[in-house]
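To keep things clear, I will list the structure first and then write my remarks on it.
A short reminder: the numbers here are calculations on the coordinates, not readings from a lab. Nothing here was measured: the structure is a model prediction, and the numbers come from that model. All Cβ positions, even for glycine, are placed from backbone atoms using ideal geometry, and neighbour counts span all protein chains on display.
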Amino acid sequence: METVDTSKRLAQLRQLMKEHKVDVYIVPSEDSHQSEYIAPCDARREHISGFSGSAGTAVVTLEKAALATDGRYFNQASKQLDSNWQLLKQGLEDVPTWQEWTIEQAEGGKTVGVDPTVITASDAQKLNKKLKKTNAQLIGVDQNLVDKIWKDRPARPAEKVIVLPLEYAGKDYDEKIAELRKELDKKKTAGMVISMLDEIAWLFNLRGSDIPYNPVFFSYAAVTHDTATLYVDASKLDDAVYEHLHGSVAVKPYEDLFSDLTSISQVAANSPEQNGVEQSKPKHTKILVSNKASWALTLGLGGEEKVEEVRSPVADAKAIKNSTELEGMRQCHVRDGAALIEYFAWLEDQLVSKGATIDEVGGADKLEEIRSKGDHFRGLSFDTISSTGPNAAVIHYKPERGSCSTIDPKAVYLCDSGAQYLDGTTDTTRTLHFGQPTEMEIKSYTLVLKGVIALDRAVFPKGTTGFAIDILARQALWREGLDYRHGTGHGVGSFLNVHEGPIGVGTRSAYAEVSLSVGNVLSDEPGYYEDGNFGIRIENMIMAKEAATNHKFGDKPWLGFERVTMVPMCQKLIDPSILTPEEKEWLNSYHKEVWDKTHAFFKDDLTLNWLKRETTQI
């Protein structure tokens, strides 16, 4: 992770700010679709700041610059930011949010500018309300100012779109659109404009590859009570896609969306009675948009009074996997687990038995090579975090070819990786040690393992949120005065984005808004990190299901989890003396399941012997 000199870039940006009469300029991480992971052409915040993490907001004034990010990236940002930048460590006491820092810099009637396509309407409106109290204002700057100074900006992707067959999707897109129209009726709206790329891919049973590791394609969609329109570059589509859409979905150029917003809004303004509703009843006069839709989208539809902003019903539906998707998750995690087992056995043999020198990228490349041989493999689901020793303490560490560390067999090795398959998406973290771990490393690992087990074994009434059960994964660490600065679990897509809302497990307020439901697929990944020393994280995928209980208090269904990740824990890092009998029973049961489901993949003694050892009953 190298520091980038941003002096020239900031000087050029500040000159443009003066020309546009802007005193403070905001550069979010997201693209026009509020994507967490973005195409290289949209990495504006990275270009201006030098910080390459996936989350953060840059704010530039005519004299200062600040970068705000969360605890996952404190270590990385401190290494990548040069002296032009102030690091705002979000979540720490007495550290302002990027909004608070912006308001402070804008006091005295200054103008704050932002590209309205890369900030949500709600964020823009909240910020502007607070700015007005100091006589400042937020304005939308039509052309992104960072784009204007980015001389070698990568081209916009133009990858082909593919059809996801029904055998993997589990539900026809016509049925999904019909269900969305029922939601439009419930919310008394005339239509919905959809801007989140994974929602569009899911809704139409299509996939793409415009964003690395995310099988999505640049597009918008508009659905009314009698029309469905997909806005996408025609060059991305072949005959198979047009045949799949079979005329029930209109296809228009991607760039036509914003010029069509006025006519879409007119559909609401002139909407007839819906489904036989009497003339005296209110018409459906608004267009539904997600609370993650851009400010530009809301403005194009006529402003706040013309739209109904809600958590997207498409996101809610997508998060509840159907039986086909759930079975796909089970199957792909067995194949993926076998790939990880083969890799870890190979890596230990190379490092310990053969004394080979392998760096972090070399290890990641070998794992991808093994994975690529599996059925239905479509690529990785994110950059593999292959990290040794102190690098394992960098929560979202990305090894760079030519400058990464050599894997040290005498230190902790943390591997967080995942893959995309036609039948599902995987994300697994395992921490291993190939030598003699320290007492603290063993204790930390075992405490983290206790957290994994506690969440996995949880039983809770329907209506419980991920916010409410986060404490289960942290309690063993908390008793020792330890913790971790990231969420405990995130939703996972089905051959879609590895991070998927709206559900998750953690302390973020958003996780208190949506209760967990049967069919949700989540990660279970507590950790512990000592900067400059080592990092521990264990991650399994779990799927929410109905739980069998002796009683049904309140006549509510009770939920629990089904685990699908099939990779053993590191026996060398487990201290059985601090596991309860129930935890030992869980671990033994899990290891038996891993052995039963994966051993048939291996014909070589090396991998089988490694798997036998790591699944030994304790």
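With a Förster radius of 41 Å, plug the Cβ-Cβ distance of residue 153 and residue 599 into 1/(1 + (r/R0)^6) and report the FRET value to the nearest 0.05.
0.25
Does the stretch 8-154 come out rounded, prolate or oblate, given a ≥ b ≥ c as the square roots of the eigenvalues of its C-alpha gyration tensor, rounded meaning a/c under 1.5 and, failing that, prolate meaning a/b above b/c?
Here the stretch 8-154 falls in the rounded category.
Assuming R0 = 25 Å, can you tell me the calculated FRET efficiency for the pair residue 546 and residue 578, based on Cβ-Cβ distance, to the nearest 0.05?
0.20
DSSP beta bridges in the chain, what fraction antiparallel, as a percent rounded to 5?
Antiparallel: roughly 75 percent of the beta bridges in the chain.
Name the shape class, rounded, prolate or oblate, that the alpha-carbon gyration tensor gives for the stretch 408-539, where a ≥ b ≥ c are the square roots of its eigenvalues, rounded holds for a/c under 1.5, and otherwise prolate holds if a/b is larger than b/c and oblate otherwise.
Oblate.
Show me the three semi-axes of the equivalent ellipsoid for the stretch 162-319, from the C-alpha gyration tensor (sqrt of 5 times each eigenvalue), largest first, rounded to whole Å.
In descending order, the three semi-axes are 26, 17, 14 Å.
With a 10 Å radius around each residue's Cβ, average the other Cβ atoms per peptide and rank 426-439, 148-161, highest first.
For the peptides 426-439, 148-161, the packing ranking is 426-439, 148-161.
Pick out, from 83, 169, 588, the residue whose Cα sits farthest towards the positive end of the charge dipole of the chain, with +1 on the Cβ of Lys and Arg and -1 on the Cβ of Asp and Glu.
My answer, from the dipole projection, is 83.
Please report the net charge: other residues with Cβ closer than 12 Å to the Cβ of residue 340, K and R +1, D and E -1.
Spelling it out: positives minus negatives among the neighbours equals -3.
Taking the Cα centre of the stretch 162-319 as origin, work out the dipole magnitude from +1 charges on Lys and Arg Cβ and -1 charges on Asp and Glu Cβ, in debye rounded to 20.
Roughly 520 debye, rounded to the nearest 20.
How many angstrom lie between the Cα centre of the stretch 345-370 and the Cα centre of the stretch 528-595?
27
Give the order of 88, 414 when sorted by the count of other beta carbons within 10 angstrom, beginning with the fewest.
88, 414
For residue 93 and residue 256, calculate 0.36 nm times their separation in residues minus their Cα-Cα distance, and state this gained length in nm to one decimal.
Full extension from residue 93 to residue 256 adds 54.1 nm.
In debye to the nearest 20, how big a dipole does the chain give about its Cα centre with +1 on each Lys and Arg Cβ and -1 on each Asp and Glu Cβ?
980
Compute the distance from the alpha-carbon center of the stretch 52-73 to that of the stretch 12-31, in whole Å.
The stretch 52-73 and the stretch 12-31 have Cα centres separated by 14 Å.
Roughly speaking, what % of Cα-Cα pairs in the stretch 205-271 are separated by over 17 Å, rounded to a whole number?
That fraction is 46 percent.
Where does the chain land at 222 nm, in deg cm²/dmol rounded to the nearest 500, when only DSSP H runs of n ≥ 4 count, each adding -39500 (n - 2.57), divided by all residues?
Result for the chain, helices only: -10000 deg cm²/dmol.
Between beta-carbons, use under 12 Å as the cut-off and find the net charge around residue 557, counting Lys and Arg +1, Asp and Glu -1.
Spelling it out: positives minus negatives among the neighbours equals +2.
Quick one: 196, 17, 541, 440, fewest Cβ neighbours within 10 Å first, how do they rank?
Lowest to highest Cβ neighbour count: 440, 17, 196, 541.
Counting only C-alpha contacts under 8 Å and six or more residues apart, can you give the relative contact order of the chain as a whole percent?
With pairs under 8 Å counted, the relative contact order is 11 percent.
What shape does the stretch 104-157 take by its C-alpha gyration tensor, where a ≥ b ≥ c are the square roots of the eigenvalues and a/c under 1.5 counts as rounded, a/b above b/c as prolate, and the rest as oblate?
It comes out prolate by the Cα gyration axes.
What order do you get for 67, 92 when you list them from fewest to most C-beta neighbours inside 10 Å?
So the residues, fewest neighbours to most, are 92, 67.
When percent of Cα pairs over 44 Å apart is calculated directly from the model, which label among [x] 35; [y] 21; [z] 18 fits?
The listed entry that was calculated here is [y].
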